[in-house]
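**Student:** Have a look at this one before I ask anything.
The values are calculated or read from the model by the stated rules, or taken from the named source; none is laboratory data. If you're wondering where the values come from, they're calculated on a predicted model, not measured in any experiment. With ideal geometry, Cβ positions are generated from the backbone for all residues, glycine too; neighbour counts draw on all protein chains shown. Side chains included, ligands, DNA and RNA excluded: accessible areas come from the protein's heavy atoms. Shrake-Rupley method; radii C 1.70, N 1.55, O 1.52, S 1.80 Å.
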Amino acid sequence: MPNLNEKSAVELAEKYIEKYKLHSGKLDFKLQEVIFCPSHPYFNNEGIWEVYYDVDGWDDLDHSINISDTEEIVLCVSTVFYPIYLPQEFKIKEKKLSKKEKRLKRKEELHDYTIDSYASSSKYTCIYVDFNEIISDDCVLLSQKSVKLDFWGNPVLLQEGLKIIGYMQDENADGTRDDLIVSGTCMRNTTDNFSYVRWLLKFDSEIYLISDMQKENLNLFL
């Protein structure tokens, strides 16, 4: 029995369309049909609602709003050509610098050891992990649910084999922000421990401080 019904699925789709102004302009997009797939092969066999829209007289504007039934959240918009995922909502705000940081910036000695630059340039999804929840030499707890927000605030559907950059905010010995980062692969929790956790992140690399990566000129995550 699905959590949503046709009405609630359409309501979620309409809110998403309004939020991102997908149907703004002169074209008249109309709701065509609503389909529920209890085990969608493209979405890790999750229950998915597909809310279809189209414009009369056009053969290349039909698209669907794909909604997770278990998480009750929009995952992406699919067209006939390719999936268009949620727009990046994260906006980098200019942080207030301390007097020491301003002085270092003037001397061009202020370094950026945050995840921000990697999230902007990496081809892999950047997702927060808590390195205090490492359960083995090469594995950390990732998520209790199948959808987890990435660095930008966009929902990511977790699935077996998904490449991920795991990160956690940290500081170095000087008290300067210096984030931890690791390359890993998403995998189902098939262990006997932490059965309430559905997904794990298996490490493909060592856990690095970003400052150490820059010193060693490593680009494992780009």
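**Student:** Among the listed pairs Lys7/Lys30; Lys123/Lys148; Lys21/Lys145, which are separated by more than 20 Å between their Cα atoms?
**Tutor:** Too far apart for the 20 Å limit: Lys21/Lys145.
**Student:** Would you tally the net charge around Asp138, using a Cβ to Cβ cut-off of less than 12 Å, leaving Asp138 out, and scoring K and R as +1, D and E as -1?
**Tutor:** Here the charged neighbours net out to -2.
**Student:** Relative contact order for the range 151-213: what percent, with Cα pairs under 8 Å and sequence separation of 6 or more?
**Tutor:** Once divided by the residue count of the range 151-213, the mean separation gives 31 percent.
**Student:** Which whole-Hz ³J(HN,Hα) couplings does the range 31-44 yield from phi under the Karplus relation 6.51 cos²θ - 1.76 cosθ + 1.60, θ = phi - 60°, glycine and proline marked x?
**Tutor:** Values per residue, Gly and Pro as x: 5, 9, 6, 10, 10, 10, 10, x, 8, 7, x, 7, 10, 6 Hz.
**Student:** I'd like the carbon and sulfur percentage of the solvent accessible area for the range 143-222, probe radius 1.4 Å, heavy atoms only, ligands and nucleic acids excluded.
**Tutor:** Looking at the range 143-222 in its full context, I get 43 percent from C and S.
**Student:** Could you work out how far the C-alpha centroid of the range 161-193 sits from that of the range 114-147, in angstrom?
**Tutor:** 4 Å
**Student:** To continue, here is another question. Amide H of Asn45 versus every other amide H placed in the peptide plane: which residues, excluding those fewer than 5 positions away on the same chain, fall under 5 Å?
**Tutor:** Residues meeting the amide H criterion: His40.
**Student:** Under a crude label model (7 Å from the Cα following the beta-carbon direction), how far is Glu6 from Ser39 in nanometres?
**Tutor:** 2.5 nm
**Student:** Then there is this: With Cβ to Cβ distances under 9 Å as the rule, what net charge do the other residues near Glu46 carry (K, R +1; D, E -1)?
**Tutor:** -2
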